[in-house]
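Take a look at the structure set out below.
The values are calculated or read from the model by the stated rules, or taken from the named source; none is laboratory data. Note that the structure is a prediction, hence the values are computed from the model and not measured. Glycine gets a Cβ as well: all are built from the backbone with ideal geometry, and neighbour counts include every protein chain shown. Each accessible area value is taken on the protein alone, full model and side chains, heavy atoms only, with ligands, DNA and RNA left out. Shrake-Rupley method; radii C 1.70, N 1.55, O 1.52, S 1.80 Å.
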Amino acid sequence: MTTFDEFFVCATGVEPYGYQRRLAEKGLPPVLKAPTGTGKTAAVILAWLWRRLHLPDAERRNIPRRLIFALPQRTLVEQTAREVTRWLTNLRSSSGDRTWLTEDVSLHVVMGGEGKTQGEWRIRMDKPAIVVGTVDSLVSKALNRGYGISRALYPVDFALVTNGAQWVIDEVQLCPESTTTLRQLAAFTDPRRDKAWRTVEPFALTCMSATIPRALLATVDNPLPSDHEIVSIEPEDRAGELAQRLAAARTVRRLPIAASEPKPLAEAVRQRHRPGTLTLAVLNTVRSARALYQEIRKAGTPCTLLHSRFRGIDRDRLMDQVLAEPGPEGHIVVSTQVVEAGVDINAAVLVTEAAPWPSVVQRAGRCNRTGTVADAELWWFPPAKPEPYDPDDIAASVAELDRLEGQAVTGEGLLACNVTVKDPAVSVLRRPDLLALFDTAQDLNGGDVDVSPYVRDAEDLDVQLAWAHWDPVDDHGRPPDRAKPPEARYRCRVPVGEARALARSRAIWRFEQGEGVWSRVSDAAPPRPGEVLVMAATDGGYDPDLGFDPSVKAPVPEAPDLPLRPDRTAGADPTAGTEDAYRQDEASVAQRQWISLQQHSDDTRVEATTLLAALQVDLPEPLAQAVVTAAYVHDVGKAHPIWQDALCRLATEEERERVEAGRPWAKSASPEDLRFEGGVKFRHELASLLLLDGPLHPLLDGVEEPDLVRYLVLAHHGKLRVQVRGIDDVDEKVLLGLEQGADVPVPSLLGQPAGTLIVDLDQFIPGSDRSWTRRVLRLRDRLGPFLLAYLETLVRMADWRASETPGASLVAAKEGQ
């Protein structure tokens, strides 16, 4: 078996430290406490990966197959993703005949990756995956309200970040709300507890930081971890390079200026900057950091501004500048709190505003990080205003920094200082709160449950704002309904309040998933945390070197054209998770060839069976049977004349006779939109459910969990789940193109004879004795939200895999399976 030391050296090029080796031997703990610069990221990621790939099968079953790495700042996400990419590349391309990666391992950067990588971790749910993102983007997924993805994909990501997920949350003191939420989720899934909700694969959580606030880890349902659950650096680990890093010191001195006025501060920074080295200046607000950067830039010294409000394409460029070796003149980096969480820079001089003590410790960790800088200096000054921090926290830090005047201090020395920091007030997720989030339908007012109190990170609540070009469809500048927001690298995180203020003077647009149209953001319809908004590039509000700045009036450079939904000749990709209209049906149609309903049903059943075998999970036979059955019958509603007529109208003149004769079909090869007669909003999943309750009910004979099959069939696009009637479905006699009491001819299908469906919508009338919603809630309460969402995801992934590579059933038949 490949040893961890060999694996680590192949990935990183250096030997592991002692504590990193212990993580690989014993597994990731509930708490990891290690000073800044000691390799925590490499430790947890590579220790998990080695254990997942190289331990015996019996032990691997207890190791989650997905590592969910949650970070408090956007800048660190890109840096971590680059490191993981380098490690995986090294492991894949190592010389010799040794196989370092025994399975395909995908990397997914939440709201930051490109192309097909966005969907690999979902559709290949049986393979190991590393998912990296900010705490708000990831924890929102664990609450069934994933920021920046389509509503229909909420349940898939919810299932995948709870079942088979090893969570690592970095710098927990910077994200107390998300840490509390994850500690609660860990309690809900703990099999040792009487009321635990089952996960099909194990759930685990590791909280790590140099400054672990123990009180934060003790939640109402999850007590404080015991000492043996906390891993830290031991005396025997303190050797070689690690000892040098731990001994790294910087001398504390107070800057002789009154406050952060840009001109005197810029002069003070330039005077202390050393040619050929890196100087880091950290301020507490974006506004003051931007002002200081503009002053320093006037003098001509190479300078880069970093904060959280840049587009991905600009953030990558700026990080490359920051991480590059300084030239003869050296380099000055002006930043906000974004450098506190693991940005791997090694400044000779640090100039910082006083901040709460944990932030001071983290900022100091970017100065003489490697322990190789002679006479490193930490210069500080009190802020003119305490915002965005508590005044008492600032006062406590100022007093301690004054006490340390002239002393050379290490990171551990700073950690040992007794400085009071107020415990933040956080919202605590309870079991009823999570249960209420299982239903992903909009409420009667078209709104949604706000999960922001449970996921808020160190910064203000954000939206994602992108600048783009498009041809307006009206005099107000509205984008075309077929348009989608630009990909994640063109989006910028903007505080909700600032986006709302900007929307009063310039048009900002949101895509309404419920209706499939664009609407304008306003005070009456304000921006919501996590949502994706677009703005015309000609309206300004952004500069590539300054970031989001409403005072900028010039057009935004490098803005893309607003993309349209994919041409279906190339195939729609539901795995990518981008926003779509809640009741559109693109992925149901897309294919490169005409596929019969029988073949697609056979293919999906084979894929479900294959997926279950690959996962090797301990799933009770009745539940596995329900998954395979639902996969087989999920699309029977496409045999409804409304759907078949719309699909067959897409046939070309040359193929029309063949297509009409071959009914019923599941997929077409046409690039055209699927349009239903009379403009009805038809959903084939609802027709599938009604057919299983009617003429196709023999397909459920012998099934031990028929209600589960019905739910999995209805939910296989994520658009109809707990509720079926939407806010605009007001006629009790008509629902999504189906009319109460109507007789619908049904062709011979899946081995069943032709028959007639008599439409019965009673179960979807609010308050009905046969209420569909009550039936689903009973399933949810009996199986638990994590297990039910996982089963739902199995059927959806089987469907996606069958659509991705049609013909699985034909291959299986040839192989005699």
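A few notes on this one:
- Residue-by-residue Karplus 3J(HN,Hα) for region 277-288, coefficients 6.51, -1.76, 1.60, Hz, glycine and proline x: 10, 9, 10, 10, 10, 10, 10, 8, 9, 5, 4, 6
- Taking 1.002 mPa s as the viscosity and 20 °C as the temperature, the Stokes-Einstein diffusion coefficient of region 133-204 based on its alpha-carbon Kirkwood radius rounds to 170 µm²/s.
- Partners of LYS385 within straight-line reach, counting lysines whose Cα lies under 29 Å from its Cα and excluding those fewer than 8 residues away in the same chain: LYS263, LYS298, LYS422, LYS553.
- Of the listed residues CYS492, CYS10, the order by accessible area with a 1.4 Å probe, largest first, is CYS10, CYS492.
- Mean Cα-pair separation over length for region 638-713, i.e. relative contact order, pairs under 8 Å, 6 or more apart, %: 32 percent
- Relative intensity, log₁₀ I(q)/I(0), of region 124-165 from a Debye sum that treats every alpha carbon as a point, q = 0.20, 0.24, 0.34 Å⁻¹: -0.57, -0.80, -1.25
- The simple spin-label model puts a point 7 Å past each Cα toward its Cβ; for GLU234 and ASP693 those points are separated by 6.2 nm.
- For region 250-397, the carbon plus sulfur part of the accessible surface works out to 50%, probe radius 1.4 Å.
- Solvent-accessible ranking of ILE758, ILE296, largest area first, probe 1.4 Å: ILE758, ILE296
- Convex hull of region 127-278 built on C-alpha atoms - directionally averaged projected area, nm²: 15.5 nm²
- Share of carbon and sulfur in the accessible heavy-atom surface of region 669-817 [1.4 Å probe, %]: 50 percent
- Looking at region 727-809, the accessible area is 42 square angstrom per residue; that uses a 1.4 Å probe and ignores ligands, DNA and RNA.
- FRET efficiency, ARG782 to SER596 (Cβ-Cβ, R0 41 Å, nearest 0.05): 0.70
- Alpha-carbon geometry of region 340-461: the Rg and the Dmax are 19.9, 64 Å, given in that order.
- Three semi-axes of the equivalent ellipsoid, the chain, Cα gyration tensor, whole Å, largest first: 50, 30, 24
- Backbone N atoms of region 773-799 closer than 20 Å to the 7 Å Cα→Cβ label point of ASP104 belong to residues 793-799.
- Accessible area per residue for region 1-82, computed on protein heavy atoms with a 1.4 Å probe, is 31 Å².
- Cα-based equivalent ellipsoid of region 463-571: semi-axis lengths in Å, sorted from largest, via gyration tensor: 21, 16, 13
- Residues whose placed amide H lies under 5 Å from that of GLY530, excluding near-sequence neighbours: ASP462, VAL463, GLN464
- Extension gain, ALA661 to ALA374, is 95.1 nm, computed as 0.36 nm per intervening residue step minus the present C-alpha separation.
- The accessible-area ordering, largest first, of the residues HIS108, HIS697 stands as HIS697, HIS108, per a 1.4 angstrom probe.
- Estimated FRET transfer efficiency (VAL680, ASP743; beta-carbon r; R0 22 Å; 0.05): 0.80
- Accessible surface for region 200-267, divided over its residues, is 47 Å² per residue with a 1.4 Å probe.
- Principal-axis tilt of helix 40-54 within the chain, Cα atoms, nearest 10 degrees: 40 degrees
- Plainly put, region 650-690 has a radius of gyration that is 1.00 times its Kirkwood radius, both from alpha-carbon atoms, as the Rg/Rh ratio.
- Computed from the C-beta positions of ILE727 and HIS469 and an R0 of 35 Å, the FRET efficiency is 0.60 to the nearest 0.05.
- Calculated diffusion of region 233-280, Stokes-Einstein form, Kirkwood radius summed over Cα pairs, 37 °C and 0.692 mPa s, µm²/s: 236 µm²/s
- Counted over the chain, the DSSP beta bridges are approximately 35% antiparallel.
- The angle between the Cα long axis of helix 312-323 and the longest principal axis of the Cα atoms of the chain comes to about 30 degrees, rounded to the nearest 10.
- Look at where the Cα atoms of region 367-409 and of region 277-349 average out, and the two centres are 18 Å apart.
- For LYS422, the solvent-accessible surface computed with a 1.4 Å probe is close to 110 Å², ligands and nucleic acids excluded.
- Bins of 5 Å, starting at 0 and running to the largest distance - Cα pair percent for region 242-371: 2, 11, 22, 26, 23, 12, 4, 1, 0
- Fully extending the segment from GLN321 to ARG214 would add 34.8 nm, taking 0.36 nm per residue of separation and subtracting the current Cα-Cα distance.
- Length gained on full extension, VAL449 to GLU241: 70.0 nm, using 0.36 nm per residue less the C-alpha separation.
- Taking 7 Å steps out from each Cα toward its Cβ at SER768 and ASP561 produces label points 4.6 nm apart.
- Gap separating the Cα centres of region 208-237 and region 663-724, nearest whole Å: 49 Å
- 3J(HN,Hα) couplings calculated from phi for region 791-803 with the Karplus curve 6.51 cos²θ - 1.76 cosθ + 1.60 (θ = phi - 60°) are, in sequence order, 4, 4, 5, 4, 5, 5, 5, 4, 5, 4, 5, 5, 6 Hz; Gly and Pro show x.
- Across region 468-480, computed HN-Hα scalar couplings (Karplus, 6.51 cos²θ - 1.76 cosθ + 1.60, θ = phi - 60°) run 7, 10, 7, 8, x, 9, 8, 5, 8, x, 5, x, x Hz from first to last residue, x flagging Gly and Pro.
- Per residue, the average separation of C-alpha pairs within less than 8 Å and at least 6 apart gives region 9-109 a relative contact order of 31 percent.
- Estimated translational D of region 617-732 in µm²/s (Stokes, Kirkwood radius over Cα pairs; 37 °C; 0.692 mPa s): 208 µm²/s
- Partner lysines whose Cα lies under 16 Å from the Cα of LYS667, excluding those fewer than 8 positions away in the same chain, are identified as LYS638.
- On Cα atoms only, tilt of 176-189 relative to the major axis of the chain in degrees: 50 degrees
- Normalised by the number of residues in the chain, the average gap of Cα pairs under 8 Å and 6 or more apart makes the relative contact order 13 percent.
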